[in-house]
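Everything on this sheet refers to the single structure shown next.
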Amino acid sequence: MKDLPQLIALSGTNGSGKDTVGHMLAERHGYLFVSVSDLLREEARKRGQPVTREVLREISAEWRREFGLGVLVDRAVDKWKSFGDKYKGVVACPMRNTGEAQHAKDLGGLLIWVDADPKVRYDRITSGDRGRAGEDDKTFERFIKEEQDEMQRPADGDAATLNMGAVKDLADITIENSSSDIEAFKDLADKQLTQQ
């Protein structure tokens, strides 16, 4: 079995199972799972803004411009360090910007990309109660459009904007998740990560 690094960064498409991999690493390997999206959601609520993908994108870009491209990774690492020796490491999820993904790798982290068929992913986000009704209540066409918008830097974008396609290119490992069995997917991901 291969030792995993203290920092693991997760990325991938919406509804692919990134959080499932993060929770598996927490349960089975003693990591602290930090959803950087939750940090952004909390900030949106503090500002009295709606919690939508557009607002979260704007806040994340603003933070990267103000605090550096690796700000979300740094906040996840700081949160982990605040617990002392309680956790083996930290899983930061999701990485949606090339600068933050590269920052995680520069810190010795492993970058994992999780993906699945778009229709499967759409069915997942619209059928389950993930506590994100405002974010996930959308048509399939809008779901695909939002993904296309996030996969490449917009023409008027800068280094702080989203570019998930470039993050995917940086990934050390890709895990496909077309399974409807969550435990079977956790086993597959665990095996892929520990026997690489």
ask   = Could you say which residue among GLU58, GLU66 is surrounded by 14 or more Cβ atoms within 10 Å (Cβ to Cβ), out of contact with any Leu (no Cβ under 8 Å at 6 or more places or on another chain), free of Cβ contacts under 8 Å to residues at least 40 places away in the same chain and farther than 26 Å from LEU188 by Cβ?
value = GLU58
ask   = Would a scan of the range 96-105 turn up a residue that is basic (Lys, Arg), part of a loop (DSSP other than H, G, I, E, B), at pLDDT below 95 and under 29 Å from SER180 (Cα atoms)?
value = yes
task = Filter the range 81-95 down to residues that are in a loop (DSSP other than H, G, I, E, B) and not polar (S, T, N, Q) and give me whichever is surrounded by the most Cβ atoms within 10 Å (Cβ to Cβ).
result = MET95
ask   = Before we move on, is SER11 touching a Pro at 6+ places or on another chain (Cβ under 9 Å), among the polar types (S, T, N, Q) and touching a residue at least 60 places away in the same chain (Cβ under 8 Å)?
value = yes
inquiry  = Can you go through ASP38, ASP78 and tell me which one is surrounded by fewer than 19 Cβ atoms within 10 Å (Cβ to Cβ), in a helix (DSSP H, G or I) and within 16 Å of the chain's Cα centre (by Cα)?
reply    = ASP38
query = So which residues in the range 158-173 are surrounded by 17 or more Cβ atoms within 10 Å (Cβ to Cβ), part of a loop (DSSP other than H, G, I, E, B) and at pLDDT 95 or above, if there are any at all?
reply = ALA171
remark   = Scanning the range 106-157 for residues that are assigned to a loop (DSSP other than H, G, I, E, B) and of a type in the set (S, T, N, Q), the one modelled with the lowest pLDDT turns out to be GLN152
message = Looking at the range 144-162, I want the residues that are touching a residue at least 60 places away in the same chain (Cβ under 8 Å) and have a partner that is of a type outside the set (Phe, Trp, Tyr) and exposed (fewer than 13 other Cβ atoms within 10 Å of the Cβ) with Cβ atoms under 7 Å, at least 6 apart or on another chain. Which pairs are those?
response = THR161/PRO154
Near pairs, Cβ below 6 angstrom, 6+ apart or cross-chain, from the range 169-196 (under 15 Å from ALA9 (Cα atoms) and in contact (Cβ under 8 Å) with a residue 40 or more places away in the chain) to any residue that is in a helix (DSSP H, G or I) and of a type in the set (Gly, Ala, Ser) = LEU170/ALA101; ILE175/ALA189
note = Of the residues in the range 52-74, those that are closer than 23 Å to GLY17 by Cβ and either part of a helix (DSSP H, G or I) or in contact with a strand residue (DSSP E or B) (Cβ under 8 Å, 6 or more places away or on another chain) (or both) come to ARG53, LEU56, ARG57, SER60, LEU72, VAL73
ask   = For the range 174-195, which residues satisfy the criterion of being within 24 Å of LYS119 (Cβ to Cβ) and loosely packed, with under 15 Cβ neighbours inside 10 Å?
value = THR174, SER178, SER180, ASP181, ILE182, GLU183, ALA184, ASP187
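The values are calculated or read from the model by the stated rules, or taken from the named source; none is laboratory data. Here the structure is a predicted model, which is why all the values come from computation and not from measurement. Positions of Cβ are backbone-derived with ideal geometry, glycine not excepted, and every protein chain shown enters the neighbour counts.
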